[in-house]
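To keep things clear, I will list the structure first and then write my remarks on it.
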Amino acid sequence: MVKIFFISVFLSFSCILLSCAAKGSGNKREYYFQGKHEWKNIASDFRYPIELEEHIETFLGIPYLLGGDDENGIDCSGFVKKVYEIYGIDLPRYSVWQSKLGIEVPKYALLPGDLVFFGETENDSVSHVGIYMGENKFANATSSQGVKYSSLDEPFFYSRYLFAKRLRY
């Protein structure tokens, strides 16, 4: 009986190890998971801001201003940086640099607080970032309407979606 228990524990542990592979070294690691259910299991490793929507609503309607980072005008990466500063997280100022942080998350596993990146899909060049809010909705600073909620299904964003990243904090 004890032998069967240890064999089953060993097999379970082996399956867990084989189900994901880690690439990278030190603090910069990227994890690739095989199935949808594994994301649910690792979600407990991450803390998501409970008041995220409340904080984002304070930015809604702020006009777009390239390089801006206050209530007079803000761009997409400045908006993301400001929201995360509320939680004591110091992100880089530019969306390309922000895209280098965290672990990549498949679209089906997005959770509120994940960063969603957009750009030229042919060469994966990041040019826009937003904060995923759930139910296919994300907050972002648009050049035409300032800070607002958008849908991942809007043709403009759907065709330019590159990837999402989950920050560990």
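What the table shows:
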read-out: Set V147, V126, V96, V83: member being on the phi < 0 side of the Ramachandran plot, of a type in the set (A, V, I, L, M), surrounded by fewer than 18 Cβ atoms within 10 Å (Cβ to Cβ) and in contact (Cβ under 8 Å) with a residue 24 or more places away in the chain; value: V96
read-out: Search result, residues across segment 74-128 that are part of a helix (DSSP H, G or I), farther than 19 Å from R160 by Cβ and of a type in the set (D, E, K, R); value: K81, K82, E85
read-out: When residues of segment 129-155 are limited to those that are aliphatic (A, V, I, L, M) and in a strand (DSSP E or B), the one modelled with the lowest pLDDT; value: M133
read-out: Qualifying positions in segment 156-169 - assigned to a helix (DSSP H, G or I) and surrounded by fewer than 18 Cβ atoms within 10 Å (Cβ to Cβ); value: F156, Y158, S159, R160
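The values are calculated or read from the model by the stated rules, or taken from the named source; none is laboratory data. What you see is a predicted model, and the numbers here were worked out from it, not measured in a lab. Neighbour counts run over all protein chains shown; Cβ positions are idealised from the backbone, glycine included.
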